[in-house]
1. Order B:23-29, B:189-195, A:243-249 from most to least packed using the mean count of other Cβ atoms within 10 Å.
2. Which pairs in the list A:Lys102/A:Lys191; A:Lys178/A:Lys254; A:Lys230/B:Lys36; B:Lys131/B:Lys192; A:Lys107/B:Lys36 are over 24 Å apart, alpha-carbon to alpha-carbon?
3. Once you have a ≥ b ≥ c as the square roots of the Cα gyration tensor eigenvalues for chain A, tell me rounded if a/c is under 1.5, and otherwise prolate or oblate according to whether a/b is larger than b/c.
4. Which FRET efficiency, nearest 0.05, do A:Leu79 and B:Ile195 yield, Cβ-Cβ r, R0 60 Å?
5. Take the Cβ-Cβ distance between B:Ala96 and B:Val171 as r, set R0 to 30 Å, and report the resulting FRET efficiency rounded to the nearest 0.05.
6. Classify the stretch A:175-262 from the C-alpha gyration tensor, please: rounded if a/c falls under 1.5, else prolate or oblate depending on whether a/b exceeds b/c.
7. What aspartates and glutamates could a cross-link reach from B:Lys108, if we take a straight Cα to Cα line under 17 Å and drop same-chain neighbours fewer than 8 places away?
8. Mean residue ellipticity at 222 nm from the helices of the protein assembly as shown, using -39,500 (n - 2.57) per DSSP H segment of n ≥ 4 over the full residue count, to the nearest 500 deg cm²/dmol?
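Any read-out appearing in this document is the output of simple, stated calculations on the displayed coordinates, not a laboratory observation. Note that the structure is a prediction, hence the values are computed from the model and not measured. Note: ideal-geometry Cβ built from the backbone for every residue, glycine included; neighbour counts use all protein chains shown.
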Amino acid sequence: MITKNSPDISPSEITPEHIYRARRDFMRGTLATGLLSSATFHSRDLLADPSYTAAEANNKGPEWLNQQLAHAKADTQKLTEALTPYDSVTGHNNFYEFGYDKTDPAKKSQNFKPHPWQVEIAGEVGKPGKYNLEDLLKGIDLEERVYRLRCVEAWSMVIPWVGFSLASLLKRFEPASKAKYVSFVTLKDTKQFPEQKSVLSTIDWPYREGLRIDEAMHPLTILAVGLYGKALPNQNGAPLRLVVPWKYGFKSIKSIVKIELTERQPKTTWNQIAASEYGFYANVNPAVDHPRWTQARERRLPSGLFNPNIIATQMFNGYADQVANLYKDMDLKKYY
Amino acid sequence: MPVIWRRVVIFFVSLVPLAVLFYKAATNHLGVDPQKAVVLFVGTWAFYFLLITLSVSPSKKIARQAWLMPHRRMLGLFTLFYALLHMIAYFVFILALDFSSFGAELIKRPYILLTIPAIILLIILGITSTKAMMRKLGKNWVKLHRSIYLVALLAWVHVLLQVRSSYADAVLFGLLTLALLGVRFYWWLQKKSQIQVLYGKDLSRRQ
């Protein structure tokens, strides 16, 4: 499949309000009538949404994953903001392994091979080892999660991921009580990731990220394997990426090959590049500026040139009710 | 080609980047984040025009291509033009015309603060670029217009301070700026040593 990156986003391609509202009403309806467990993507195909159609046309997931994706549970959250269209979500990415321009990942990830894939589970766990992704996902019920994604660069999207809670995966490997943090590592492969060879890059490959164990175990934290109902496209971090919706996007590490539970706080890529600009926590916080730009506002994409969609950034990206208690005794200006 | 025709051609060629920008805007080819794309695009072209302007006299001295000399003023004015567009695009698209926060932004962001002297200098150079001003300022005109070197350095630091994931842009603009300022520094050193040699001969004759 060729994920053609088309920059043409005409207003007609943006999910019309009546469609997403209908989708939400539909899902709320299923919730109200107790039909939630049967509200899968199959039942939602009734609704013609061009983004879901585009995802289907571009899908190149393996059969086992497509099967699981087809049975994913619909999102029951009440996020009513318009979804960012498929073309924008897959055409505007920071995935520096493929290039430094926002359009590079879509253009240069076509030969990337996300299947077959192995993930190493290591560190303070009862059952360490290298596992095939297919085996890792066996018996896991996928679900759609519509989350805001707030990039540290002050742009944002609303994305319907398909994935599963990280906690449900970690628990299967019996974390030891010594495990205080979870570290994640992206694949290092200069053949597939051409920019990992670049001498001008500021990044010390492979890309690394980390979470505190309570953040990792939080029900909002997911590992995504899908987008708009279909397999995750390469430029979005196929086949497995982290999504932590109350943190800046760079925490959501892509193409994960290693998950390690550790006693000490792991090193994280952007923190190593510029510790004064990118903290370990990286919680979305409009009151704490990035030294080079304000974090009080964000450009919700896609944005028209003369009708800029500039909105106020919310504390914890709007998830304060669920996550603020994780940080209740912390100075968030110090632990940014 | 007569100078007047060259002037017309260079004028319209210099407007091509702007035409490309309008075309992209009209056909939705500016991507998902068009505001940022516009700011970056015109900013990049301001720097390109600055470098083109600075390469006029080296191209005459090194490559013996003097035909650009009569057009240096126009190229310099296009540098100012794209720099002003860059500033306006920043105000409209990034600051969202919220000038109440501009003061705080200036204090907190050195890479924005240093564009203030750069743009002021460019405006002064633009205003004093006419023949009448050249006559009026005489020798001082050359001195004043040497401040374009400072503008180039400020522009480069402006790029350098914004490095995030790659040094590519900072290195590219840095090398070009360094080469164009470096060759002038070399000429200046040569001229200085020639003067010293002459002065030395004078001395020996006197003794």
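1. Order by mean packing, descending: A:243-249, B:23-29, B:189-195.
2. Beyond 24 Å between Cα atoms: A:Lys178/A:Lys254; A:Lys230/B:Lys36; B:Lys131/B:Lys192.
3. Rounded.
4. 0.20
5. 0.40
6. Because a/c hits 1.5 or more and a/b fails to exceed b/c, the stretch A:175-262 counts as oblate.
7. A:Glu153, A:Glu277, A:Asp289, B:Asp98
8. Counting only the DSSP helices, I get -12500 deg cm²/dmol.
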